[in-house]
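Input: a single structure, listed below in structure tokens.
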Amino acid sequence: MDYGMKNRLSRIIKPRSGKTVMLAVDHGYFQGPTTGLRDLRKTVTPLVLHADCLFITRGMVRNCIDPDADVPICLRVSGGPSILGELSNEDITTSMEEALRLNASGVGLSIFVGADNEDRTISNLGRLVNEAERYGMPVLAVTAVGREMARDARYLGLACRIAAEMGAHFVKTYYCEDFYKVVEGCPVPIVMAGGKKIPEMDALKMTEKAVKEGASGVDMGRNIFQSDKPVGMIKAVRAVVHDGASAEEAFEIYSKG
Ligand code: R5P
């Protein structure tokens, strides 16, 4: 890995702990003004101080994140369909030049394993990695599985391994039973997506288990910004990820807000 690649990646995955708390706020790229992100600037501003990185589209960076905000950006560069269409019908939508212009520390796109356009989205990843390598830009592969496929260790393991084989520098996936098997089969860091909003204690327990089973942190959205105490929740997630706090200890942090 060359200097620029390592330097950018270390802005996302912190060398102190080898972990990261990425705040995912890219949902609008196919969901529109979803709950909690209708006014993205208002939601994200108090959370920026506590996030190691934002996972976000270029449009929201330009319009809602101040250029002097001290937070690394991992830019979502894929899109195409909305929630009304076939979600796997994605292409690369944002150029590497744009990522460099926005001073991104990484770029991310989705692969849809087991879905209609699985082959094209995996090829997209390969092409993105080819280009990213030229500029020392880390690539995050977001593993989305087909609607009819179970989110279990077999299929998430398949998706994460394919992402790593294509050259992704880190991978995002969901938590599942036997998550450690997904980690074992994937030689690059894995960050856990939070998924739909669940009670805070459950989200913290899931985070604790994921980290214990080898996750390099989280790229979490709804379970933070849809919480009744978003700042408390991101602080609590940080305590689990970076400081090895238990879910119970972290819940105390969340409760204080
Ligand atoms: C999903 O496609 C988006 O990329 C989100 O970034 C991802 O799902 C993580 O957000 P959440 O924790 O809300 O699932």
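No value in this document is a laboratory result; all are computed from the given coordinates. Note that the structure is predicted; figures quoted are calculated from it, not measured. Note that each Cβ is placed from the backbone with ideal geometry, even for glycine, and that neighbours are counted across all protein chains shown.
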Study note, to complete from the structure: Expected single match for surrounded by fewer than 24 Cβ atoms within 10 Å (Cβ to Cβ) and closer than 22 Å to S10 by Cα among V240, V188, V231, V218 is V188
Review point. Across the stretch 89-105, what is the number of residues that are crowded, with 22+ Cβ neighbours inside 10 Å and either within 13 Å of the ligand (Cβ to nearest atom) or among the acidic types (D, E) (or both)?
Key: 1
Practice item. Any chance you could count how many residues in the stretch 43-77 are outside any loop (DSSP other than H, G, I, E, B) and of a type in the set (A, V, I, L, M)? Key: 9
Practice item. Count, please, the residues in the stretch 9-36 that happen to be assigned to a loop (DSSP other than H, G, I, E, B), of a type outside the set (S, T, N, Q), more than 10 Å from the ligand (Cβ to nearest atom) and in contact (Cβ under 8 Å) with a residue 24 or more places away in the chain. Key: 4
**Study point:** Count of the stretch 106-120 residues which are β-branched (V, I, T) and either more than 15 Å from the ligand (Cβ to nearest atom) or touching a residue at least 40 places away in the same chain (Cβ under 8 Å) (or both)
**Key:** 2
Revision key, fill the gap. Per the filter on the stretch 220-239, residues away from the ligand (no atom under 12 Å from the Cβ), free of Cβ contacts under 8 Å to residues at least 60 places away in the same chain and more than 11 Å from L204 (Cα to Cα) are D228, K229, G232
Review point. In the stretch 185-205, what count of residues is obtained for those that are of a type in the set (G, A, S) and either more than 16 Å from the ligand (Cβ to nearest atom) or without any contact (Cβ under 8 Å) to a residue 40 or more places away in the chain (or both)?
Key: 3
